[in-house]
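Written out below as structure tokens is the structure these notes cover.
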Amino acid sequence: MNRPREATPLLLAVPAALAGVFFLLPLVGLLAQAPWQELPALLSTSATLEAAWLSVVCSIAAALLSLLLGLPLATWLAQGTGGLRTFVRVLVTLPMVLPPVVGGVGLLLAFGRNGLVGGALERWFAIVLPFSSAGVVLAATYVAMPFFVLTVESGLRSFDRRYTEAAATLGATRWRAFRTVTLPMIGPSLRAGVLVAWARALGEFGATITFAGNLAGETRTLPLAVFVALENEPDAAIALSLLLVGVAAAVLFLLRRHWFPTAR
């Protein structure tokens, strides 16, 4: 049975309405100022298509890296508690609260040509990450993987381990039980984690421009294209912003049942 909705006290309703309006106004501003008639032309320029293609490729690569590296990490974090796991969880969460430009500086000092490992990568493997498309992927992965790890860890912690114990009694190895029982049952968390990591990678700006630069055709993603267009072509900046808003809204729609259980 559905519970009757409780009336919101006036002292809460007023600030709640103000908060809603606060979040609504920027979107209304974009929609009101959007050059609707010129939108198709603005979104089909060679520069826009180039930035969009680079964004899609790099964000998908970042999401796949987040899955490949983040799933084992989330599994380990979900298996217990302790000082080491707490420390690693802080490390994982740090990119979510750091200013992205600080993350970019850190990546530059670690993977730059004179960084902790960047010099060795260039000397031994001829790999140069800063100011390259690979650098865009690395920066996007750094800021996106925490969202995947925390989402999947939450799913693993709520998973009933009696299912894997039952599989073990039937002769399944730990790897087989994980692959055939655990992963299918946390499928919604996996899909949500990959999707939100991809969306975060698609919208990354600060770490990318600091570590990978803003080179047209090489590292200029859609958010960086918005930044460039804002100086000389505000209509193009608005058009690109609307495109990114549309992608974000689509992601939230797909995740509605995971984040908002009452949604239909």
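Coordinate-derived values only; no laboratory data. This one's a predicted model, so the numbers in the text were calculated from it and none came from an experiment. Note that we place each Cβ from the backbone using ideal geometry, even for glycine, and neighbour counts take in every protein chain shown.
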* Among G118, G203, G135, whose mean-square fluctuation peaks in a Gaussian network model of the chain (Cα, cutoff 10 Å)? -> G118
* With r as the distance between the Cβ atoms of L183 and I60 and R0 = 22 Å, compute the FRET efficiency 1/(1 + (r/R0)^6) and round to 0.05. => 0.60
* Structure fact -> Rounded to a whole number, the Stokes-Einstein D of segment 33-168 in µm²/s (Kirkwood radius over Cα pairs; 10 °C; 1.306 mPa s) is 90 µm²/s
* About the Cα centre, charge dipole magnitude for the chain (Lys/Arg +1, Asp/Glu -1 at Cβ), debye -> 1340 debye
* W53-L10 FRET efficiency (beta carbon distance; Förster radius 41 Å; 0.05 resolution) -> 0.20
* Asked: Given the rule -39500 (n - 2.57) for each run of at least 4 DSSP H residues, summed and divided by the residues of the chain, what is its mean residue ellipticity at 222 nm, to the nearest 500 deg cm²/dmol?
  -> -23500 deg cm²/dmol
* Considering only the other residues whose Cβ falls under 14 Å of the Cβ of V149, what net charge follows from Lys and Arg at +1 and Asp and Glu at -1? -> +3
* **Candidates A78, A168, A225, ranked by Gaussian network fluctuation over the chain, Cα under 10 Å, top entry** => A168
* Structure fact -> Residue span L109 to E218: 0.36 nm per residue of separation minus Cα-Cα distance leaves a gain in nm of 37.1 nm
* To do: Return the Rg/Rh value of segment 56-259, two decimal places, where both radii are evaluated on C-alpha atoms and Rh is the Kirkwood radius.
  => 1.04
* To do: Apply 1/(1 + (r/R0)^6) to the Cβ-Cβ distance of R161 and V102, taking R0 = 25 Å, and write down the FRET efficiency to the nearest 0.05.
  => 0.05
* Structure fact -> One finds the C-alpha centres of segment 98-142 and segment 198-254 to be spaced, in Å, by 20 Å
* To do: Within the set of other residues whose C-beta is less than 11 Å from the C-beta of A229, count the net charge using Lys and Arg as +1 and Asp and Glu as -1.
  => -2
